[in-house]
């Protein structure tokens, strides 16, 4: 099974090698590593690892937690196979079927962001839901947001849940992505979410984007 690990570690030579060594010694196969942040003498990295068998995932993170200077910010199941290009798949589907652009974006968001589900709606708190992804709950406890840019929020329906919200064009339509495991959405994830939405709208063009979000009739 694939897992995503977000790790904060000292930003100095040898720290990254030590983390990968500990993961390997625990039996994990490191398949991908992404640097999210380097600030104030520390780095925040995300690892995608393959963890074979039915072993408790605590055995994967325990050696890291015992390592001096290393902090585990989150460990959760990964939905994206490293080396794939899901953003390009989304853009291809949008180009082929512009009328389903919002639905395509919502359906793909959980995989793109290692989340559990996503919805698009107007009016905050899930009122007037336009589209829901697989596994989205009925009547999700969403905050009343009309964000001008992507932002993170604590999901009220689950004490351990985290969400991200982003505007879809100038339509008062908001995209919500929620995960029940793992850490809060990092600012690099929020920036990526905003870029993906912008690129999807750019592929559609001004009139196509208006149609996709319900701005004008087809």
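Just so you know, all these numbers are worked out from the coordinates, no wet-lab data involved. No experiment lies behind these values; they were computed from the predicted model shown. Glycine also receives a Cβ, built like all others from the backbone with ideal geometry; neighbour counts cover every protein chain displayed.
A few comments on the model shown:
- Shape of the range 2-77, Cα gyration tensor, a/c cut at 1.5: prolate
- Full extension of the segment from residue 195 to residue 18, taken as 0.36 nm per residue of separation minus the current Cα-Cα distance, would add 60.4 nm.
- Across the range 86-212, the volume of the C-alpha convex hull divided among the residues equals 89 Å³ per residue.
- With all projection directions averaged, the alpha carbon convex hull of the chain covers 12.8 nm².
- Between helix 101-112 and the chain there is an angle of about 10 degrees, using the helix long axis and the longest principal axis of the Cα atoms.
- Additional length obtainable on full extension of the chain from residue 65 to residue 188, 0.36 nm per residue less Cα span: 41.9 nm
- Under the simplified labelling scheme, the residue 138-residue 154 pair shows an inter-label distance of 2.9 nm, with each label point 7 Å from Cα along Cα→Cβ.
- Segment residue 96-residue 145, extension gain: residue separation times 0.36 nm, minus the distance between their alpha carbons: 14.6 nm
- Exposure proxy ranking for 134, 172, based on other Cβ atoms within 10 angstrom of each Cβ and starting from the fewest, stands as 134, 172.
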